[in-house]
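The values are calculated or read from the model by the stated rules, or taken from the named source; none is laboratory data. These numbers come from a predicted model, not from an experiment. So basically every Cβ, Gly included, is an ideal-geometry build from the backbone, and we count neighbours across all protein chains shown. Surface accessibility is based on the protein's heavy atoms, side chains included, excluding ligands, DNA and RNA. Shrake-Rupley method; radii C 1.70, N 1.55, O 1.52, S 1.80 Å.
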Amino acid sequence: MTQLRHATITGTGSYLPEQVVTNSDLENMVDTTDEWIRQRTGITERRIAADDVATSDLCVHAARWAIKNANIDPLDIEMILVATVTPDTFFPSTACYVQKGIGAKNAAAMDLSAACAGFLYGLDLADGMIKSGRYNTILVIGGEVFNKIIDWNDRSTCVLFGDGAGAAIVQATDEPKGILASYIGSDGDYADIDLLGIPAGGSRMPVTSEVIAEKRDKLQMNGREVFKLGVRLMPEAAQRVLREANVSIDEIDLLIPHQANLRIIEAVGDRLGMPREKVYVNVDRYGNTSAATIIIALDEAIREGHAKPGDLLLFVTFGAGLTWGSTLLRL
Ligand code: UT7
């Protein structure tokens, strides 16, 4: 019988724009306070891309680091998957701009839209594509420039999000490591724009001057409902890969949950029975970078020595759609 090969992450990279926007900067823009933002979200600052910077620009920086750290040639890459809900343009895909930017001439390229769950959707696809035997090297990126889809006068959303990108080189290995279990799911019953989404700009509601005046081209969210759904769905998704791989939570070295709100992160960790020191947090410094949060956090955790070769890592996420996912990975 042929032994199924595994897909593993051989290099990561991330890129955050230089400009820092602190809570006190926001105090000067909307009716909010540093204290409210810290208490309700755990966020103290976030990064914001310059006006002339698009998502692919951040992705290219992150991808270059991942390529360097994986010690591969860009020409080795066979597929580029960019998870984003803030593409440079509807089409061509952001992935095609990245393909050009890194000179990955042998790669197919496409975007995938699964909101905050995008990176784990990308990892799941890469896992399947590699296990099928058709691909050996895939670049999976989560990248967002949220600042351009935010209503900067809406205090209930503008304090939450940030810009950034993270990239992973996913490659085939015969060693018993890499992605041990992966799960993605969705529920379109929650595909409600007012729950979380952008009403205008697509074929349902093209952008007109009225739409712009009503800010229907900007992100809408019912924070309280999204909060409750996240706290319920993420532990369920995480349990699923633990069960599938027959792994107990005590065996996990590091939990990297989607970084949307410190209270959600802590509730998810607590429900899973994970000690707080084994739950990675960087939402305080970057806010919610949507599809990019988990891969930025993984890249940081590796560089800081919080995630080491051989460690067992658990990723879990949820986002608009609703979408969700979890990954169990032996680094
Ligand atoms: O990646 C997934 C995307 N999104 C999320 O994961 C977000 C999930 N939700 C959340 O993180 C939280 O629900 C929020 C941080 C968005 C809000 O926290 P909350 O504890 O659920 O607050 P709330 O929405 O219930 O609002 C409480 C109060 C309201 O005032 P009243 O009605 O009680 O007088 C809001 O108007 O806080 C007010 N408020 C603010 N006050 C100061 C809302 N935003 C702000 C603000 N500064 N920025």
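One table, with the values for the structure above:
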read-out: Qualifying residues in segment 18-32 (those that are farther than 10 Å from Val159 by Cβ and among the hydroxyl-bearing types (Ser, Thr, Tyr)) - the one most open to solvent (accessible area, probe 1.4 Å); value: Ser24
read-out: Odd one out for Val226, checked against (1) within 17 Å of Arg155 (Cα to Cα); (2) over 19 Å from the mean Cα position of the chain (by Cα); (3) within 16 Å of the ligand (Cβ to nearest atom); value: (2)
read-out: Test: Gly178 is more than 14 Å from the ligand (Cβ to nearest atom) and either without any contact (Cβ under 8 Å) to a residue 24 or more places away in the chain or at positive phi (or both); value: yes
read-out: Every residue from segment 241-270 that is in a helix (DSSP H, G or I), open to solvent by 20 Å² or more (accessible area, probe 1.4 Å), away from the ligand (no atom under 16 Å from the Cβ) and in contact (Cβ under 8 Å) with a residue 24 or more places away in the chain; value: Glu244, Ala245, Ile249, Glu251
read-out: Any hit, segment 131-148, residues being assigned by TED's automatic domain parsing to the domain that holds His61, open to solvent by 30 Å² or more (accessible area, probe 1.4 Å), closer than 30 Å to Ala50 by Cβ and of a type in the set (Asp, Glu); value: no
read-out: Subset tally (residues that are in contact with a Lys or Arg (Cβ under 9 Å, 6 or more places away or on another chain) and within 12 Å of the ligand (Cβ to nearest atom)) for segment 154-175; value: 6
read-out: Single match in Asp174, Asp187 (criterion: charged (D, E, K, R) and more than 19 Å from Ala291 (Cα to Cα)); value: Asp174
read-out: Count - residues of segment 280-307 that are assigned to a loop (DSSP other than H, G, I, E, B), surrounded by fewer than 19 Cβ atoms within 10 Å (Cβ to Cβ) and in contact (Cβ under 8 Å) with a residue 40 or more places away in the chain; value: 2
read-out: Members of segment 110-163 found to be within 19 Å of Pro74 (Cα to Cα), among the aliphatic types (A, V, I, L, M) and out of contact with any Ser or Thr (no Cβ under 6 Å at 6 or more places or on another chain), listed by number; value: Ala126, Met129, Ile130, Ile138, Leu139, Val140, Ile141
read-out: Check on Arg38, open to solvent by 50 Å² or more (accessible area, probe 1.4 Å), under 24 Å from Thr84 (Cβ atoms), assigned by TED's automatic domain parsing to the domain that holds Gly166 and not aromatic (Phe, Trp, Tyr); value: no
read-out: Top-ranked residue in segment 203-240 [being small (Gly, Ala, Ser) and free of Cβ contacts under 8 Å to residues at least 60 places away in the same chain; ranked as surrounded by the fewest Cβ atoms within 10 Å (Cβ to Cβ)]; value: Ser203
read-out: Answer residue from segment 81-96, given it is among the β-branched types (Val, Ile, Thr) and farther than 17 Å from Leu120 by Cβ and is surrounded by the fewest Cβ atoms within 10 Å (Cβ to Cβ) among those; value: Thr89
read-out: Helices (runs of 4 or more DSSP H) within segment 1-95 that include 1 or more residues of a type in the set (Phe, Trp, Tyr), at pLDDT 95 or above and more than 16 Å from the ligand (Cβ to nearest atom); value: 55-70
read-out: Filter result (crowded, with 21+ Cβ neighbours inside 10 Å and either within 16 Å of the ligand (Cβ to nearest atom) or part of a helix (DSSP H, G or I) (or both)) within segment 103-118; value: Ala114, Ala115, Cys116, Ala117, Gly118
